[in-house]
Amino acid sequence: MSPPGPRTAHVTGPATSPPGPSWDHPGGTARRRSPWRPVPSPGPAARPPATGPAATVGSVSSEQNGDGPAPEEPGPEARPAPRTLAEDLRARDDAALAALLRARPDLLSPVPGDLTQLATRAGTRASVVRALEGLDRFTLQTAEALAVAPPPGAAGPTVRESLATLLPGEEAAERLPRALDELRARALVWGDGDGGGENPRLVRTARELLGSPSPTGLGPPLAEAVGTARLSPARLQEILGAAGLPATHDPVSAVSALTSLFTDPDRMSALLDGAPEGAVPLLRKLEWGPPHGTVDVANPSRPVGWLLDRALLVPAGPDGDRSESRGERADRSDSGGGTAAAGTVVLPREVALHLRGGRAHREPQPVPPAVAEERVHPPETVDAAAAGQALAALATVEELLGHWETEPPPVLRAGGLGVRDLRRAAGLLDVPEQQAAFWAELAYAAGLVASDGEVDEAYAPTPAYDDWLRAAPPERWALLAAAWLAATRVAGPVGERDTKGKALAALGPGLDRGPAPDVRHRTLTLLAGLPPGTRPDRASLHERLRWERPLQAHRDPHRTGRRPADGTDRGPAPAPAPPDTPPAAEEAPVTLRDRLAHWTLEEAELLGVTGRGALASFARPLLGPTVPGERAPAAPGTAPAAAAGTHGGAAEALRNGRPREEQEAEAAEAVDRAARALAPLVPEPLTEVLLQADLTAVAPGPLERELSAFLGLMADVESKGGATVYRFTPESVRRALDAGRSAADLHSFLAGHSRTPVPQPLTYLIDDVARRHGRLRVGAASSYLRCDDDALLAGLLADRRAAPLRLRMLAPTVLASAAPPDQLLARLREMGYAPAAESAEGDVLLGRPDVRRTPPRRPPEPVPDRPPLPDAALLTAAVRAIRAGDHAATLPHKPKAPASTPPDGGLPRTVMADALATMQSATLTGTPLWIGYVNADGAASQRVIAPVKVEGGFVTAYDHTADEVRTYPLHRITGVAEITED
């Protein structure tokens, strides 16, 4: 997250003050006393060095980890207040350090050697940006307020008192302690006590990111603005005189006097009361940001000149010094010399805060916005609709992969599915191409389809697809839903162009979006928090997601624009609103998070996770134990309401930082619970269909796999929905005969799986096609055609439609063709014949293509946008190692058994039994050890380790010398000593 560059607003001309309370401006309403209190001149945090007379104004010193020392405040505690972030971390207990590492797992790569390294790493820009992205809006507003709050002084308010003014309101005051605790837990704030005490300190990097320019719309402090403008001492004297302040030749004292004036509500109000007409409205235009505006610095209007003469507006660059007299400026203007006609000015922070009444934000948002209800359906209706869609999802995936197992689509050279193959899949499934891409990506995420790895690569089902087919429908659906929740690949960008201008292909590279699992989980969790059967208002849902992670609204880095069907470019997404724009007035930009949330809602409906826009009850176990209303399935003979869910979901299990084996077991349990919750809503597979006289068969529900496969072979699907309609045609019956079925087989199968007698038209159709099937035989000549019916061959030879085949008679019952056998077969079938292929021995060849399978493949690994959460064992070992390293860095080494110390003062030799006991004890207590070690080459060394595990003749420990976890054979350890204080 890079802070946005300064934006300018033209402030010349009349302006209207924005609505809201009036804060002491001429001709306005009654005065309202600002709660902002005067403080000493605030030292700018992390500003660029300025030059000139005022360059030293507000300068601050910095210490270790980039944080200046906190003011020393005497108190009754024996422990002194921490002066740096490292000292603050050193004062925390192990649980607090583990919580920090869990909240910011990037700090563990690699494990820091001590607390000083941890503090340094926690203050790096990349890590701070990642930590800020995990904050909700009010916690972020608190950090933004800390970035612009004045430092505490001897007579001024504390930082907490300043925050109460910067973030006014009862709800904000109630939520503020928790926000500060959250910031301190993430090591973004440090200080003495909970939430950083009375004077919490924001880490320097966060101050740089949030301070200037500030997301609050505030400009730099006066001291920084004056230093940037490089105002001359003469110009400062003019400003002091115009403001009615005593003259001083010290630039630091001059800026301090102006700062005291601007932070005194009464004196500031009196100053603005004397402003000329139009001056205060100009300030109001910059009040909520951006704080920069463009004015004519050389020849300003009267209101602008009045503001510049009192430093209520300050030139934003060094070429705006108006230190010469008005006469000199006039002479210079007449002669055609001087500065540019227009320049940029900035509104100092102290002036803006007075105009705002001391508020950092237009409206603090301590309470998350509620997700509005768009419509409420009966929960039973929602579950029924979702269950029906879940079955349709299973049928769609099975139909797609059933086609690909016989006609696998090729893999593009760059990877992915070609446009033609995607279009063909969409036609097969009778869905839009975007949905076809989703079903292909879903099967890929579940490990059901993959590249076969051959020379001519193609996508084909994996062996896992066969296992999936053998599972019950509820279990098959739960596996698909769990894979979708955990996948980082998304189908939404398919068809768009990446940053290189290449179209993104389904199953191809460039579709991973790291935040996708988190956005899916948070979106569905919000749905779960609504009353059962409630469909949310999407606008309010998006606003809630923005509140939860306001800094994760970045644009899709892989996207330059969608490729529309008409080939036109829809242009870039709209620009974001200015800082601090009220949510109701903000035109929501097309951000990655908003797009992911939109895709989540659309895909959840397709998959059956939701029904009619509301979350299905059987999908709740997949989301985790914190989801409202989630219940475990009841044991046999128990009422469903009797068993309360206590386990996590599949998505949550992969995010909660526990050992991988435990995560996988919990995810499998969540899948099982979701399948059991869906089972009562799924009808039993049917073994019969309704055959009708119009050559159709109606399946009123899901069919058994054998029946479904047979019907798919001898009939074509005509329509889908609550019931599936199959149509029998001569071509479909011939397809079954080509696959090796006989007419008797077809009659027998239909009679055994029909609730009604087989209609005569269907019987006649089967017999007629079977009678004609195989009368013509095709072989290789290039190809030949033989038939016992001379008249049939003579008619075929005279048929003009057969001219492309270049037929010629070899014998009364044999014709030769120049076309290959497969082309000859296809052409004859197009002409209405029913030929059969035969081998060189004259046997009929089955026309059913071979079923393709890939070698065993693992599902694609997610590509997260952040490090994985550490498990409990890693956290415990890391905290021990950090403590041990910090202890070793601050305390001297003292052998435990000096009696056996060698003459050179090295580490004493230790009996193996004593060494083993010492290391086992250190594993339990976390005590760091000093060991002597001889490697395989006989080289001796001494190391400081933090033992984690002693097992099988080896000790696993964090080695502070190598800064990594290592394993040492016990027989190579020559001595062991605890590291103790003198």
- [ ] Scan the range 782-793 and give yes if some residue there is more than 60 Å from the chain's Cα centre (by Cα), surrounded by fewer than 18 Cβ atoms within 10 Å (Cβ to Cβ) and among the aliphatic types (A, V, I, L, M), otherwise no.
- [x] yes
Open item on the list: Conditions first: (1) assigned to a helix (DSSP H, G or I); (2) surrounded by 24 or more Cβ atoms within 10 Å (Cβ to Cβ). T120 passes all but one, so which condition is the exception?
Closed with: (2)
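Residues are listed down the side, and each one gets a yes or a no for (1) under 15 Å from P461 (Cβ atoms); (2) assigned by TED's automatic domain parsing to the domain that holds R676:
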{"position": "V351", "(1), (2)": "no, no"}
{"position": "A386", "(1), (2)": "no, yes"}
{"position": "L394", "(1), (2)": "yes, yes"}
{"position": "E398", "(1), (2)": "yes, yes"}
{"position": "W404", "(1), (2)": "yes, yes"}
- [ ] Among the numbered conditions (1) over 17 Å from L163 (Cα atoms); (2) more than 35 Å from the chain's Cα centre (by Cα), tell me where T263 comes up short.
- [x] (1)
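For the range 450-465, check the following and say yes or no: at least one residue is part of a helix (DSSP H, G or I), among the charged types (D, E, K, R) and surrounded by fewer than 18 Cβ atoms within 10 Å (Cβ to Cβ). Give the derivation first.
Of all residues in the range 450-465, those part of a helix (DSSP H, G or I) come to 463-465.
Imposing the further condition that a residue be among the charged types (D, E, K, R) reduces the set to none.
No, every residue in the range 450-465 fails to be part of a helix (DSSP H, G or I), among the charged types (D, E, K, R) and surrounded by fewer than 18 Cβ atoms within 10 Å (Cβ to Cβ).
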TODO: Give the residues of the range 270-299 that are buried (at least 20 other Cβ atoms within 10 Å of the Cβ) and of a type in the set (G, A, S), sorted by residue number.
DONE: A275, A279, G289, G293
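Please go through the range 157-196 and pick out each residue that is outside any helix (DSSP H, G or I), of a type in the set (A, V, I, L, M, F, W, C) and over 17 Å from R90 (Cβ atoms).
Going through the range 157-196, the residues outside any helix (DSSP H, G or I) turn out to be 157-158, 167-169, 186-193.
Among the residues that remain, those that are also of a type in the set (A, V, I, L, M, F, W, C) are: 167, 187-190.
Scanning the range 157-196 gives L167, L188.
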Task: D767 being exposed (fewer than 15 other Cβ atoms within 10 Å of the Cβ), touching a helix residue (DSSP H, G or I) at 6+ places or on another chain (Cβ under 9 Å) and touching a residue at least 12 places away in the same chain (Cβ under 8 Å) - done: yes
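Regarding the range 283-294, can at least one residue be identified that is more than 42 Å from the chain's Cα centre (by Cα) and in a helix (DSSP H, G or I)?
In the first step, residues of the range 283-294 are kept if they are more than 42 Å from the chain's Cα centre (by Cα); the result is none.
Checked the range 283-294: no residue is more than 42 Å from the chain's Cα centre (by Cα) and in a helix (DSSP H, G or I).
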Open item on the list: Please count how many residues of the range 83-101 are surrounded by fewer than 19 Cβ atoms within 10 Å (Cβ to Cβ) and either of a type outside the set (D, E, K, R) or not in a loop (DSSP other than H, G, I, E, B) (or both).
Closed with: 7
TODO: Please find, among E170, E182, E208, the residue that is over 24 Å from R104 (Cβ atoms) and either charged (D, E, K, R) or at pLDDT below 90 (or both).
DONE: E170
TODO: Kindly provide the set of residues from the range 103-122 that are charged (D, E, K, R) and touching a Gly at 6+ places or on another chain (Cβ under 6 Å), ordered by number.
DONE: D114
Open item on the list: Just to verify a result, which residue in the range 165-177, among those that are of a type outside the set (D, E) and touching a residue at least 24 places away in the same chain (Cβ under 8 Å), is surrounded by the fewest Cβ atoms within 10 Å (Cβ to Cβ)?
Closed with: G169
Open item on the list: Looking for something touching a Lys or Arg at 6+ places or on another chain (Cβ under 9 Å) and in a loop (DSSP other than H, G, I, E, B) - is there at least one such residue anywhere in the range 796-815?
Closed with: yes
- [ ] Please find, among L707, L623, L711, L678, the residue that is in contact with a Leu (Cβ under 6 Å, 6 or more places away or on another chain), at pLDDT 85 or above and crowded, with 17+ Cβ neighbours inside 10 Å.
- [x] L623
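In this structure, is A185 surrounded by fewer than 24 Cβ atoms within 10 Å (Cβ to Cβ), assigned by TED's automatic domain parsing to the domain that holds A126 and closer than 18 Å to R130 by Cβ?
Values: surrounded by fewer than 24 Cβ atoms within 10 Å (Cβ to Cβ): yes; assigned by TED's automatic domain parsing to the domain that holds A126: yes; closer than 18 Å to R130 by Cβ: yes.
Spelling it out, A185 is indeed surrounded by fewer than 24 Cβ atoms within 10 Å (Cβ to Cβ), assigned by TED's automatic domain parsing to the domain that holds A126 and closer than 18 Å to R130 by Cβ.
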TODO: State which residue pairs qualify: first residue in the same structural domain as L188 (by TED's automatic domain parsing) and within 18 Å of G885 (Cα to Cα) and inside the range 98-112, second residue of a type in the set (F, W, Y) and at pLDDT below 90 in any location, beta carbons under 7 Å apart, and separation of 6 or more residues or different chains.
DONE: V111/Y958
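I need the full set of residues from the range 922-947 which are under 14 Å from A884 (Cβ atoms) and either in a helix (DSSP H, G or I) or over 42 Å from the mean Cα position of the chain (by Cα) (or both), in order please.
First pass over the range 922-947, keeping only residues under 14 Å from A884 (Cβ atoms): 922-931, 943-947.
A922, T923, L924, T925, W930, I931, listed by residue number.
Kindly evaluate A155 against the criterion of being modelled with pLDDT under 90, surrounded by fewer than 22 Cβ atoms within 10 Å (Cβ to Cβ) and of a type in the set (A, V, I, L, M, F, W, C). I'd like the intermediate steps shown before the answer.
Values: modelled with pLDDT under 90: yes; surrounded by fewer than 22 Cβ atoms within 10 Å (Cβ to Cβ): yes; of a type in the set (A, V, I, L, M, F, W, C): yes.
The answer is yes for A155.
Please pick out the residue among E669, E664, E731, E718 that is surrounded by 15 or more Cβ atoms within 10 Å (Cβ to Cβ) and among the charged types (D, E, K, R).
E669
Scan the helices (runs of 4 or more DSSP H) fully inside the range 658-766 and keep the ones with 2 or more residues being closer than 25 Å to Y833 by Cβ.
On the way: elements: 660-678, 705-714, 730-738, 743-752.
Helices (runs of 4 or more DSSP H) meeting the threshold: 705-714, 730-738, 743-752.
Residues in the range 396-416 that are of a type in the set (G, A, S) and more than 30 Å from the chain's Cα centre (by Cα): how many? Spell out how you get there, then give the answer.
Initial filter on the range 396-416 (of a type in the set (G, A, S)): 402, 414-416.
Filter again for more than 30 Å from the chain's Cα centre (by Cα), leaving 402.
Counting residues in the range 396-416 that are of a type in the set (G, A, S) and more than 30 Å from the chain's Cα centre (by Cα) gives 1.
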Task: Cβ pairs under 6 Å, 6+ apart, first in the range 928-943 and farther than 12 Å from Y958 by Cα and modelled with pLDDT of 85 or more, second hydroxyl-bearing (S, T, Y) and surrounded by fewer than 12 Cβ atoms within 10 Å (Cβ to Cβ) - done: Y933/S941
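The values are calculated or read from the model by the stated rules, or taken from the named source; none is laboratory data. In this text, all values refer to a predicted model and were calculated from it rather than measured experimentally. Backbone-built Cβ (ideal geometry, glycine too); neighbour counts: all protein chains shown.
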